[in-house]
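Enquirer: One structure is given below, represented as structure tokens, and several questions about it will come after.
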Amino acid sequence: MSQQVIVALDVPSVREAAGLAGVIRASWYKVGLELIYSKDGLRFARQLKMAGVKLFLDAKLSDVPTTVERATAAICREIEPEFLSVRNNVEAALKGASGITRIAHVPYLTSDREQYCIATPAPALVCSAHLARNYRHDFGILDKTLIVPGIRLPGNISDDHAVPAASCEEADFLVIGRPITRADDPYAAYKKFLEIAA
Ligand code: C5P
């Protein structure tokens, strides 16, 4: 399949996040709202980048165009994530983006009733495995990077929105949080997902 695995560091403190990152030693991490709003969360995101790690900053920006543009510019200047997520005013985010940062559009949350978003100007889309399949096969969308959360190991599906890793080959990136971060052995769990995605 050859997909990248992004580990979602959804923990309440930089201390916990740093501890996990030290154990898992992943190539990609997602820093989302919980860590962004925790003490020194954004500084930690910057440190990950300085350590050579690739970063999906899941800020889910949503505001008027000028603010989205300026917030995007500030994030690119200060943190330079590989991906930055945006909920609305994607054109404004694209205007504000610079350097290596790619805008990932989150038109719908996978926990909500998702609809198709086939006309986004963003280079990347965050969507469920189900929509990823339809985007690729039914709509023939091949030029967007698809980032898919809600991934589990086979036999470990406990909610409606999750799918086993091997059944989402349309995704370019798999975002995996608790199945790795809450595993007894997070490093072994990460390795297992890497094997499936390889
Ligand atoms: O469920 P898990 O802990 O693997 O979630 C990892 C990340 O994926 C979370 O940060 C969450 O924001 C996102 N997610 C999602 N839709 C889901 C499940 C998780 O967007 N159905």
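The values are calculated or read from the model by the stated rules, or taken from the named source; none is laboratory data. Fair warning: this is a prediction, and the values are worked out from it, not measured in the lab. Cβ: placed from backbone, ideal geometry, glycine included. Neighbour counts: every protein chain shown. What goes into the accessible areas is simple: the full protein's heavy atoms, side chains included, and nothing from ligands, DNA or RNA. Shrake-Rupley method; radii C 1.70, N 1.55, O 1.52, S 1.80 Å.
Enquirer: Would you call ALA104 within 25 Å of GLU78 (Cα to Cα), within 12 Å of the ligand (Cβ to nearest atom) and among the aliphatic types (A, V, I, L, M)?
Expert: yes
Enquirer: Pairs under 8 Å by beta carbon, first residue within 13 Å of ARG70 (Cβ to Cβ) in the stretch 88-102, partner open to solvent by 70 Å² or more (accessible area, probe 1.4 Å) and of a type in the set (Lys, Arg), six or more apart or different chains?
Expert: Once the first residue is within 13 Å of ARG70 (Cβ to Cβ) and sits in the stretch 88-102, its partners that are open to solvent by 70 Å² or more (accessible area, probe 1.4 Å) and of a type in the set (Lys, Arg) give GLY96/ARG70; SER98/ARG77.
Enquirer: With respect to the numbered conditions (1) assigned to a helix (DSSP H, G or I); (2) modelled with pLDDT of 90 or more, which one is the sole condition not fulfilled by ALA183?
Expert: Condition (1) is where ALA183 drops out.
Enquirer: Being at pLDDT 95 or above, open to solvent by 10 Å² or more (accessible area, probe 1.4 Å) and of a type in the set (Asp, Glu), is that true of even one residue in the stretch 94-116?
Expert: The answer is no, given that none of the residues of the stretch 94-116 is at pLDDT 95 or above, open to solvent by 10 Å² or more (accessible area, probe 1.4 Å) and of a type in the set (Asp, Glu).
Enquirer: I would also like to ask the following. Out of the residues in the stretch 144-180 that are under 26 Å from THR120 (Cβ atoms) and among the hydroxyl-bearing types (Ser, Thr, Tyr), state the one that is modelled with the lowest pLDDT.
Expert: Here the residue is SER167.
Enquirer: Looking at (1) modelled with pLDDT under 95; (2) within 15 Å of the ligand (Cβ to nearest atom); (3) among the aliphatic types (A, V, I, L, M), find the lone condition where ILE141 falls short.
Expert: Going through (1) modelled with pLDDT under 95; (2) within 15 Å of the ligand (Cβ to nearest atom); (3) among the aliphatic types (A, V, I, L, M) one by one, ILE141 breaks only (2).
Enquirer: Can you name the helices (runs of 4 or more DSSP H) wholly within the stretch 1-77 that have at least 3 residues being open to solvent by less than 60 Å² (accessible area, probe 1.4 Å)?
Expert: Helices (runs of 4 or more DSSP H) meeting the threshold: 14-24, 41-50.
Enquirer: Restricting to the stretch 118-140, name every residue that is assigned to a loop (DSSP other than H, G, I, E, B) and surrounded by fewer than 17 Cβ atoms within 10 Å (Cβ to Cβ).
Expert: ILE118, ALA119, PRO121, PRO123, ASP138, PHE139, GLY140, listed by residue number.
Enquirer: Go through the stretch 85-117 and count every residue that is part of a strand (DSSP E or B) and touching a helix residue (DSSP H, G or I) at 6+ places or on another chain (Cβ under 6 Å).
Expert: Selection size over the stretch 85-117: 3.
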